Amino acid sequence: MRASVNGVDRGKQERPPKSVKPGTRIADRLLDLVFPQNIYCLCCGDTMESSRVHGICDKCAEKINWLDHDPFRASLEDFAFDHVLSCCVYGFYPRKIMHDLKLHGKPYIARSIGPLMAEKAQMEGGVYTALIPVPCTAAKKKKRGYNQAELLAKYAAKQLGLPVRTDILIKQKETPSMRLSTGEERRNLMQGVFAVDQNACAGLPGADILLVDDVLTTGSTADACALALKAAGVRTVSVLCFASSARAFEPELEH
């Protein structure tokens, strides 16, 4: 995984799909002018070589617990999703990166982390129909200004050459804070939260979906999304995320 983080394997990256709108490319160029990529490490803030394409310096990359397996592999029978593609364990540095992206108004971080997540999917070698980001409510998106899962999916899709479908999954209601809730409590709270838009679900039967989120903790949110997608005929749902709380299922990883 480290070779991928340090940009050694860049030659295998695919060009952005032709479906990318010209306006999107212009927006990305403007973003590069305001927030140049790969000058400062996303973890420690130190300057670094621009060749570190994912925005993480060598020192910090060595401190992150990168995953080479499915952290939910021992518990998949308890969930509606079929597989978890997680780049790393949700430790100190991944938490800082995701908090900056999600809570501290730094959406440009997705430009570095999205392609890293795409590399994870490419390493697994699966074949997928489309990427679907975990949705947030319209009110939450308006307040924050963006949906971090949607941004990660956008930049991952450029490298994977797959469409991003933001019109399929709907979050019907806001959920209370679940930070202190157990996995079972979270799953109960998530019942009926997500639904599939019946006007946009053509082509879902038999599809293999990459469900994109920033962090997977207990799996309750991804499980609720997968239940809704499979009820609409989706064949498989693989969860693609930057980090996961693998210690919840394999405590030895913490050591």
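The values are calculated or read from the model by the stated rules, or taken from the named source; none is laboratory data. Computed from a predicted model, the values in this text were never measured in an experiment. Cβ coordinates were reconstructed from backbone atoms using ideal geometry, including for glycine residues, and neighbour counts include every protein chain displayed.
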- Message: Cβ-Cβ under 8 Å, sequence separation 6+ or interchain: first residue in the range 187-207 and closer than 15 Å to GLN172 by Cα, partner of a type in the set (Lys, Arg) and loosely packed, with under 12 Cβ neighbours inside 10 Å. Which pairs?
- Response: GLY192/LYS173; VAL193/LYS173
- Query: Given the residues ALA80, ALA110, which is the only one that is in a helix (DSSP H, G or I), of a type outside the set (Phe, Trp, Tyr), touching a Leu at 6+ places or on another chain (Cβ under 6 Å) and at negative phi?
  - Reply: ALA110
- Task: Have a look at LYS120, LYS102, LYS96 and point out the one that is modelled with pLDDT under 95 and basic (Lys, Arg).
- Result: LYS102
- Query: Can you name the residue in the range 74-107 that is of a type in the set (Phe, Trp, Tyr) and buried (at least 18 other Cβ atoms within 10 Å of the Cβ) and, of all such residues, is nearest to GLN191 (Cα to Cα)?
  - Reply: PHE79
- Can you tell me which residues in the range 228-243 are within 13 Å of PHE194 (Cβ to Cβ) and touching a helix residue (DSSP H, G or I) at 6+ places or on another chain (Cβ under 6 Å)? VAL237
- Message: Conditions first: (1) assigned to a loop (DSSP other than H, G, I, E, B); (2) touching a residue at least 24 places away in the same chain (Cβ under 8 Å); (3) touching a Leu at 6+ places or on another chain (Cβ under 8 Å). LYS173 passes all but one, so which condition is the exception?
- Response: (3)
- Query: So which of ALA153, ALA149 is in a helix (DSSP H, G or I), in contact with a strand residue (DSSP E or B) (Cβ under 9 Å, 6 or more places away or on another chain) and within 18 Å of ASP208 (Cα to Cα)?
  - Reply: ALA153
- Task: Would you point out the residue of the range 228-239, among those that are part of a strand (DSSP E or B) and crowded, with 24+ Cβ neighbours inside 10 Å, that is farthest from the chain's Cα centre (by Cα)?
- Result: VAL237
- Message: Can you find, within the range 111-158, the residue that is surrounded by the fewest Cβ atoms within 10 Å (Cβ to Cβ) among those that are of a type in the set (S, T, N, Q) and touching a residue at least 24 places away in the same chain (Cβ under 8 Å)?
- Response: THR137
- Note on GLY161: of the conditions (1) surrounded by 13 or more Cβ atoms within 10 Å (Cβ to Cβ); (2) at negative phi, unmet is (2)
- Determine which member of the set CYS136, CYS225 is among the hydrophobic types (A, V, I, L, M, F, W, C), within 26 Å of CYS87 (Cβ to Cβ), in contact with a strand residue (DSSP E or B) (Cβ under 9 Å, 6 or more places away or on another chain) and part of a loop (DSSP other than H, G, I, E, B). CYS136
